[in-house]
1. With labels modelled as points extended 7 Å from the Cα through the Cβ direction, what inter-label distance (nm, one decimal) is found for residue 9 paired with residue 33?
2. Going from the alpha-carbon gyration tensor of the chain, what semi-axes, largest first and in whole Å, does one get by taking the root of 5 times each eigenvalue?
3. Would you look at the GNM of the chain, springs on alpha carbons closer than 10 Å, and say which of 92, 53, 11 moves the most?
4. Which far-off residues, 5 or more places away or on another chain, put their amide H under 5 Å from the one on residue 60, with H placed in the peptide plane?
5. When only DSSP loop residues count, what trypsin sites (Lys or Arg not before Pro) in the chain have their Cβ near at most 15 other Cβ atoms within 10 Å?
6. Under a 5 Å amide H to amide H cut-off, with H placed in plane at 1.01 Å, what residues pair with residue 40 once short-range neighbours are removed?
7. What GluC sites (Glu not before Pro) does the chain have in DSSP loop regions with at most 16 other beta carbons within 10 Å?
8. Round to the nearest 10 and give me the degree value, 0 to 90, for the angle of helix 25-38's Cα axis relative to the longest principal axis of the chain.
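What follows is calculated from the coordinates using simple rules that are stated; it is not laboratory data. Everything numeric here is computed off the predicted structure, so don't read it as measured data. As a convention, Cβ positions derive from the backbone with ideal geometry for all residues, glycine included, and neighbour counts pool all protein chains shown.
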Amino acid sequence: QILNSTIVLFDETGMQEGKSEGEFLVENMTGISSLIEEQCIRYNFQYHQQKFDCSSPVIIVSTGRSVFKVATPLPIVTTKEPNADALNDIDDSLLDEFRAFF
């Protein structure tokens, strides 16, 4: 189940190219596509399938092109080398503001 306005995050970075196997693979991929494209969740009650509308933004993180249809791809490109010490310079009050927001 999913509540309206729940932000759904799919991480495709662990996926590998090639043949994917699994008993419920097609059903799961179809369900995710329905959530992304139609904003609905489909439940399979063994003898009956039911569709429930929802309103949930979806974020897909991928190292390349997503396997799903995406409305707005947003490539993220670094402009300089990451600096691990920069995290130590963040004020605790700023971190608390981020935590309260998310």
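1. Label at residue 9, label at residue 33, 2.6 nm between them.
2. Values: eigenvalues 221, 82, 30 Å².
Output for the chain: semi-axes of 33, 20, 12 Å.
3. Of 92, 53, 11, the Gaussian network model singles out 92 as fluctuating most.
4. So residue 60 has HN proximity to 10.
5. Answer by residue number: 19, 65, 69, 80.
6. Those qualifying (amide H under 5 Å, at least 5 residues apart or on another chain) are 35, 54.
7. Numbers: sites: 12, 17, 21, 23, 27, 37, 38, 97; in loops: 12, 17, 21, 23.
Passing sites in the chain are 12, 17, 21, 23.
8. Result, in degrees: 70.
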